[in-house]
Amino acid sequence: MKNKILKSESTTKSFPVFRKVIMRVGIIIGITVGGFVGFAAYQDDDHLFEISKNMEVFGNLFQQLNKLYVDEPKPGELMKIGIEAMLASLDPYTNYIPAEELEDFKYQTSGEYGGIGAQVKQIGDYIVIAETYEGFVAQKSGLKAGDIFLEIDGKNCKNKSYAEMGKLLKGLPNTSVKIKVQREGELKPLDFIILRDEVKVKNVPYFTILDNHIGYIKLTGFMENTAAEVRAALISLKEKGATSIIIDERDNPGGLLREAVGIVNLFVNKGQLIVSMRGRVKDWEKEYKSEETPVDTEIPLVIIVNSLSASASEIVAGALQDLDRAVVIGQRSFGKGLVQQTLPIAYGALFKVTVAKYYIPSGRCVQSIDYSHRNADGTLDRFADSLIMPFKTKNGRTVWDGLGVIPDIQTAEKKFSVITDSLIAKSLLFYYATKYTQLHPSIEKPETFRIADREYEEFVSWVKTKDFSYQLKEEKDLVNYKKHALNNKSFSNTESEFDLLLKKLQSGKTDDFAEFKTEISELLEAEIASRYYYQAGRAAATIKDDSTIQSATTLLKEPKKWKSILTTIVASSRPLQKEAPEH
């Protein structure tokens, strides 16, 4: 059985343009024989001739375009569109990185950049500080979450894009930037002159000891030195008395493969195969084994994943599952089993290309989308159920390829109500947290912080002053039905009853603030805690009501049950692809 995957936005927008470019343009850069020497070694003669022929056609078309097109063409822009659309026809991870975007790429891989140390978000016409990183210059200089950028170095920030703002804020360390912001509760804008610094984002923003000596580590990325951060957290937790460990990889998109290998190495003996790469070009094939002395090969371990845990996250969870070293809890992971290599190309640009698939110790690959076959309408399919194969863990338990990592204990994915989603989308939780900090100089520790019933009612009253509204799915369905039914004469006889039903449905929403108080309060508490305790505060405020973490702690309180999951062989039927999350 195959399940349709929606086309990515970049693909659907780029392909029509790319077809026009291919029809009209070629390539004006000089292709030398030397440029193909290494490549040709892996091609047969027919393939190499096909490449050469099409490059010649492409180049001739581009030359004719420059001579004859009615308006002055912009070859750089056309070529960038063509390259990006061509690569989008392969997979989302094969990318062209122009020289002017190298700083952003460096941040994605290393977590380091020259700047002020703040996350931003767009609200209306302006970019707003979403969070400042604790210990970096934005926070030290007094900038706060909720501050609205008005000017940077005298340039008006209204309607500036993320990319434009990034260019203004980022720069070499020890260079200054002048910033004007508007702050909640301040009548006049505030001016700051900030000296940029080298910013290094933490991949482990928070770790702590939970009940029953259970250590908890929040892992948000796999940039440089991630394994060292996890190692330090693990050792610290053990020194504080931790007798079991939870590593939370939810919403972690992955990153550097070597950091994933390093994390697995903390829990398994030296010489253990952790992951291998296999691709069309033999030079990219490689095995990665644990090379360092582990920290602890016996401590009970739980890995938490969800549908947004991908790539390096899946290597850690999948390898530790295959080696029967950890119990995996949560929801089925994303399913990215592809490996990219970054290569330098002309004029300072980079080419990030998928060169292999990775295979974890059981021999399985977690890749779930078949990018090698695209349907006529541009959609993609997951691998057919008939191609999903069983593999065995070290102790003989059955695991499956082509499906991401399926947890040993599956928990329900948390879904918010329509009212909560609407509050998030309209940034009302964010705005109220900003207002809250103006009225409260401090709060208690995030692990115990709660907003009182009176404070929640104040929040509800404040939201109602913002002309807040939202539409339930049932409302949308009824309204759409009415639009179509108005052309039907028989509908006029029932229109009044229809409108009455719609009004009853709308009036029922007045109780939503009370019905969904718990989930709204939890999100509001996390947002407020982040204003005082930053990324660690948000994580600490979130975990206290987290049902998946509660499932993990319940398991770790029973070491025999934890061990039995890793040693018990049970009959396992083939999972269906329809159960996998949409990508």
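A short reminder: the numbers here are calculations on the coordinates, not readings from a lab. All values reported here derive from a predicted model rather than from experimental measurement. With ideal geometry, Cβ positions are generated from the backbone for all residues, glycine too; neighbour counts draw on all protein chains shown.
Sticking with the crude label model, points 7 Å out along Cα→Cβ, report the distance from residue 57 to residue 182 in nm, one decimal please.
Here the modelled spin labels are 5.5 nm apart.
For the range 112-200, what relative contact order do you get, as a whole percent, if you take Cα pairs closer than 8 Å and at least 6 residues apart?
Once normalised by length, the contact order is 34 percent.
In nm, to one decimal, how far is the modelled label at residue 357 from the one at residue 387, with both set 7 Å along Cα→Cβ?
0.7 nm
Cα centroids of the range 50-123 and the range 200-246: how far apart, whole angstrom?
The distance from the Cα centre of the range 50-123 to that of the range 200-246 comes to 39 Å.
With each label point set 7 Å from Cα along the Cα-Cβ vector, what nm distance links residue 514 and residue 72?
Inter-label distance under the simple model: 6.8 nm.
For 47, 373, what ranking results if the residue with the fewest other Cβ atoms within 10 Å of its Cβ goes first?
Least crowded to most crowded, the residues run 373, 47.
Sorting 422, 311 on the 10 Å Cβ count, fewest up front, what's the list?
In order of increasing Cβ crowding within 10 Å: 422, 311.
Starting from 0 in steps of 10 Å, tell me what percent of the Cα-Cα pairs of the range 112-200 lands in each bin.
18, 58, 22, 1
What ranking do 432, 93 get, fewest neighbouring Cβ atoms within 10 angstrom at the top?
Ranking 432, 93 by Cβ neighbours within 10 Å, fewest first, gives 93, 432.
Can you give the three extents of the C-alpha atoms in the chain along their principal axes, from longest to shortest, in whole Å?
76, 70, 67
Stretch residue 410-residue 104 to full length: gain in nm at 0.36 nm per residue minus the Cα-Cα span?
106.6 nm
So between residue 571 and residue 374, what do we pick up on full extension, going 0.36 nm a residue minus the alpha carbon distance?
This chain segment gains 67.5 nm when fully extended.
So what is the relative contact order of the chain, in percent, for Cα pairs below 8 Å that sit 6 or more residues apart?
Computed over the chain, the figure is 13 percent.
Can you tell me how much longer the chain between residue 394 and residue 563 gets when fully stretched, taken as 0.36 nm per residue apart minus their C-alpha distance, in nm with one decimal?
59.5 nm
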